[in-house]
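Structure first, commentary second.
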Amino acid sequence: MFDTASASNGVKLALLEGQLLNQEIDRATFLPGDLEGEALDNLIRDGAMSMHHPTCTAKMGQDDLSVVDAQLRVYGVKKLRIADGSIMPTITTGNTHAPCVIIGERLAEILNADPTDPRGAARQRRRLAFPQKEILQ
């Protein structure tokens with residue numbers, strides 16, 4: 001649930017703080033006109049967005065709250081996998097980009113190695129027929 005009263009108070013506080021600091025705020029960029037009450041609430045509701053990275057909404061694990069298994073398959077749904085930040089059981093302390101890249105790479109490995117997936121099996125056969133040369137360091 002979105003708390004429009006708190007958001008509205010925050011907008012008013014930001015405008016007031018700008019006035020107290022004698023800083024001009026370009027209201028035309030920030031607010032399209034002098035909005036109050038329901039008009040301000042509607043503007044906030046329609047234009048507000050989170051700057052956070054949504055994660056942990058489809059937890060990976062084996063308990064009753066888990067949505068996906070270790071192979072990133074959704075429990076109870078055939079042929080559906082999830083490979084994004086939502087599968088993380090808890091949010092990372094750092095940026096979420098790197099863990100999401102790793103999750104995507106892990107799913108690629110899973111799909112390439114899956115003999116029941118025709119695409120994975122074909123990739124596996126190509127890999128065996130044309131092995132990559134090892135790079136010696």
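The table that follows gives values for the structure above.
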quantity	calculated
Under Karplus coefficients 6.51, -1.76 and 1.60, residue-wise ³J(HN,Hα) of the stretch 54-69 in Hz, glycine/proline x	x, 9, 6, 9, 9, 3, 8, x, 10, 8, 5, 8, 6, 10, 10, 8
Neighbour net charge for GLY104 - beta-carbon separation under 14 angstrom, K R +1, D E -1	-1
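All of the numbers you see were taken from the coordinates with simple rules; none came from a lab. Please read all numbers here as calculations on a predicted model, not as lab measurements. Backbone-built Cβ (ideal geometry, glycine too); neighbour counts: all protein chains shown.
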